[in-house]
Amino acid sequence: MFKKSWNFIGRVDEVPKPGDYMSFVLFGEPLIIVRDKAGLVHAFANTCRHRGTRLVEASGNRALISCPYHGWAYGLDGKLIATPGMEETVNFERKDYGLLPIRLETWEGFIFVNFDARAGSLAEQLGDLPALLASYNMGEMVCVRRREYELACNWKIYLENAMEDYHTPTVHKQSIGKQLTERLESTGDWRGTHLPGAGTIALLPEDGASAFPPIPTLAGLAAQGTYFLALFPSTFFSTAHDCMWWLQEFPLGPKRTKVVIGSCFPSTAVARGDFAEKVEKYYRRWDKSLPEDNAISELQQIGLGSSLSRPGRLSFREPVVHDIANWLLDRVLD
Ligand code: FES
Ligand SMILES: [Fe+2]
């Protein structure tokens, strides 16, 4: 299911300059994301075309991608350009052994990859979501912080939790408190809710309504509240009046998930002299509320692991939990 979908894996502003790269393992597949000299961003399998060694780790900047084993070297566009010691190998052509590309598409600065050559386009998967979010101008935003958590729960528990407000008065009693959202209509592989209200949702109540001006282009419902969005299969977006953040839920196994929270602000806010000081309030909010969601998700996983656990009933405050289950059923059953 994951490998047939477009999966959000990062922002183009994480690899801003030619030679910038990042690497990670996605659904067991080691990947490289790299920006070439012409400015194009590529995704490649992080495996040497000679005898398969993993090529790079972590992130950084480099002029070439060279293999630590026998020294084959690839350009940033994936072309094999140096093969020391291969002079005697007959019928060997470098052009046949470039890095293996993975499909990559971007939307508003967000990078998505897809392992399935037959899958439709990213635009098809997103449906009407780009129109809904156009007024946030997210392509102009900058990712200012990413934080990772490795959790003992599956990715689906985590996505469901992010998409229902039923738990907010209990789980978030000490932080953000109760929220009452409204479900949105959608076309495409996403579902969402809207929380009406003035001011940003990205601050703790004691830290005020907003530390930065609202995004000036906001229109329609975007100007009147906050969106909480599930981008199937496993990404959550929230778009507020002055910023947006995401939660990526990377499945590490049936009971383990790597969660990455990324925070983006308009480049005009990031350029302000007081940005570094004021953004701390936003970090405080995420660093307080997210561990609350993390802890409750791990408790749910433990309880669901009981052979005596049985499905219960959903509240009217959990419509998207039902949507997530139906989306999954459509993909795992005929
Ligand atoms: S495995 Fe990479 S050069 Fe041999
Ligand atoms: Fe929550």
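Figures for the structure shown
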{"read-out": "Residues being touching a Ser or Thr at 6+ places or on another chain (Cβ under 7 Å) and either more than 24 Å from ILE261 (Cβ to Cβ) or free of Cβ contacts under 8 Å to residues at least 60 places away in the same chain (or both) - total across the stretch 271-314", "value": "1"}
{"read-out": "Residue that is more than 16 Å from ligand 1 (Cβ to nearest atom) and free of Cβ contacts under 8 Å to residues at least 60 places away in the same chain, where the choices are GLU88, GLU108", "value": "GLU108"}
{"read-out": "Subset of the stretch 316-334 [touching a strand residue (DSSP E or B) at 6+ places or on another chain (Cβ under 6 Å) and either more than 15 Å from TYR158 (Cβ to Cβ) or open to solvent by 80 Å² or more (accessible area, probe 1.4 Å) (or both)]", "value": "PRO319, ASP323"}
{"read-out": "Selection count, the stretch 68-87, where residues are touching a strand residue (DSSP E or B) at 6+ places or on another chain (Cβ under 7 Å) and either acidic (Asp, Glu) or crowded, with 19+ Cβ neighbours inside 10 Å (or both)", "value": "6"}
{"read-out": "Count of residues meeting criterion [small (Gly, Ala, Ser) and loosely packed, with under 13 Cβ neighbours inside 10 Å] in the stretch 157-179", "value": "1"}
{"read-out": "Flag for LEU100 being away from ligand 2 (no atom under 16 Å from the Cβ), aliphatic (A, V, I, L, M) and within 15 Å of the chain's Cα centre (by Cα)", "value": "no"}
{"read-out": "Test: residue in the stretch 259-280 that is open to solvent by 20 Å² or more (accessible area, probe 1.4 Å), of a type outside the set (Val, Ile, Thr) and under 20 Å from the mean Cα position of the chain (by Cα)", "value": "yes"}
{"read-out": "GLU182 being open to solvent by 20 Å² or more (accessible area, probe 1.4 Å), in contact (Cβ under 8 Å) with a residue 24 or more places away in the chain and away from ligand 1 (no atom under 16 Å from the Cβ)", "value": "no"}
{"read-out": "Single condition ILE81 does not satisfy, out of (1) within 15 Å of ligand 1 (Cβ to nearest atom); (2) in contact (Cβ under 8 Å) with a residue 12 or more places away in the chain; (3) assigned to a loop (DSSP other than H, G, I, E, B)", "value": "(3)"}
{"read-out": "Hits in the stretch 25-66 - residues which are closer than 23 Å to TRP6 by Cβ, open to solvent by less than 60 Å² (accessible area, probe 1.4 Å) and part of a loop (DSSP other than H, G, I, E, B)", "value": "PHE27, ASP36, GLY39, ASN46, THR47"}
{"read-out": "Any hit, the stretch 118-132, residues being touching a residue at least 24 places away in the same chain (Cβ under 8 Å), acidic (Asp, Glu), part of a helix (DSSP H, G or I) and surrounded by fewer than 18 Cβ atoms within 10 Å (Cβ to Cβ)", "value": "yes"}
{"read-out": "Any hit, the stretch 225-248, residues being at pLDDT 95 or above, in a helix (DSSP H, G or I) and over 20 Å from the mean Cα position of the chain (by Cα)", "value": "no"}
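Residues are listed down the side, and each one gets a yes or a no for (1) modelled with pLDDT of 95 or more; (2) in a loop (DSSP other than H, G, I, E, B):
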site: ALA134; (1), (2): yes, no
site: ARG146; (1), (2): yes, no
site: GLU150; (1), (2): yes, no
site: TYR166; (1), (2): yes, yes
site: GLU185; (1), (2): yes, yes
site: GLY192; (1), (2): yes, no
site: GLY199; (1), (2): no, yes
site: LEU218; (1), (2): yes, yes
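Condition check ((1) among the hydrophobic types (A, V, I, L, M, F, W, C); (2) under 23 Å from GLU318 (Cα atoms); (3) in contact with a strand residue (DSSP E or B) (Cβ under 8 Å, 6 or more places away or on another chain)) across all residues:
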position	(1), (2), (3)
PRO216	no, no, no
ALA219	yes, no, no
LEU231	yes, yes, yes
SER234	no, yes, yes
ASP242	no, no, yes
LEU252	yes, no, yes
ARG256	no, no, yes
VAL260	yes, no, yes
SER263	no, no, yes
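Per-residue answers, yes or no, for (1) under 22 Å from VAL144 (Cα atoms); (2) part of a helix (DSSP H, G or I); (3) at pLDDT 95 or above:
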residue: LYS258; (1), (2), (3): yes, no, yes
residue: GLY262; (1), (2), (3): yes, no, yes
residue: ALA269; (1), (2), (3): yes, yes, yes
residue: GLU277; (1), (2), (3): yes, yes, yes
residue: LYS281; (1), (2), (3): yes, yes, yes
residue: ASP287; (1), (2), (3): yes, yes, yes
residue: GLN301; (1), (2), (3): no, yes, yes
residue: LEU308; (1), (2), (3): no, no, yes
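The values are calculated or read from the model by the stated rules, or taken from the named source; none is laboratory data. Fair warning: this is a prediction, and the values are worked out from it, not measured in the lab. Using ideal geometry, Cβ is built from the backbone for each residue, glycine included, and neighbour counts are taken over all protein chains shown. Accessible surface areas use protein heavy atoms only, side chains included; no ligands, DNA or RNA. Shrake-Rupley method; radii C 1.70, N 1.55, O 1.52, S 1.80 Å.
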